[in-house]
């Protein structure tokens, strides 16, 4: 399936009236200055991918791909990919009643975390934002703790979560409207 290229602004404008707050939030987040350009691009890309809406993901990647290096683009995609796996695994570990699971090695490859191809704290920020979408408390706590331990300010973390929340909600609206149009 080939998606028609659509700008993020066109996608934003196509949202229905009941999603006006999402439109406004998206505009505000695109002009967010708390995050540097790499942090913002990576957060948008990783969260769009985690939100699992093809139109949103394509519009976001098209919006940012020429503003970052191919390595940063790959790292943002990798954050969505690895957290898609880790969030399921560690959410299970966190919620399962049997303590034995917590003592067992994961036996899942996670090499990208050691060498993500981007600044490690930016990768942590993207991983935190994706973990918030995927609802993994154990991963949220781990990434937040690492970021705060390295001096990342609460405002930077909050901005990344605002992007995650808004993109996830937009993906839901797009999916619902597509279903209703079918």
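Among 22-30, 54-62, the peptide with the highest mean count of other Cβ atoms within 10 Å heads the list, and the full ranking is 54-62, 22-30. Going by alpha carbons, how many degrees (0 to 90, nearest 10) lie between the helix axis of 137-149 and the longest principal axis of the chain? So the helix axis and the longest Cα principal axis differ by about 90 degrees. Angle of helix 70-95 to the longest C-alpha principal axis of the chain, folded into 0 to 90 degrees and rounded to 10: 60°. Helix 154-181 and the longest principal axis of the C-alpha atoms of the chain enclose an angle of approximately 60°.
Helix-derived [θ] at 222 nm for the chain: sum -39500 (n - 2.57) over DSSP H runs of at least 4, divide by residue count, nearest 500? After summing the helix terms and dividing by the residues of the chain, the value is -23000 deg cm²/dmol. When the P(r) is computed for the range 81-136, the part past 18 Å accounts for 39% of the Cα-Cα pairs.
Starting from one equal scatterer on each C-alpha and no solvent at all, send me the Debye-based log10 I(q)/I(0) for the range 20-181 at q = 0.09, 0.11, 0.13, 0.19 Å⁻¹, two decimals. Calculated log10 I(q)/I(0) at the listed q: -0.29, -0.43, -0.60, -1.19. Computed over the range 20-181, relative contact order equals 37 percent, with contacts defined as Cα pairs under 8 Å that lie 6+ residues apart. Each residue of the range 45-114 gets 87 Å³ once the volume of the Cα convex hull is shared out per residue.
No value in this document is a laboratory result; all are computed from the given coordinates. Small disclaimer: the values here were computed from a predicted structure and weren't measured. A quick note on method: Cβ atoms are made from the backbone with ideal geometry, for glycine too, and the neighbour counts reach across all protein chains shown.
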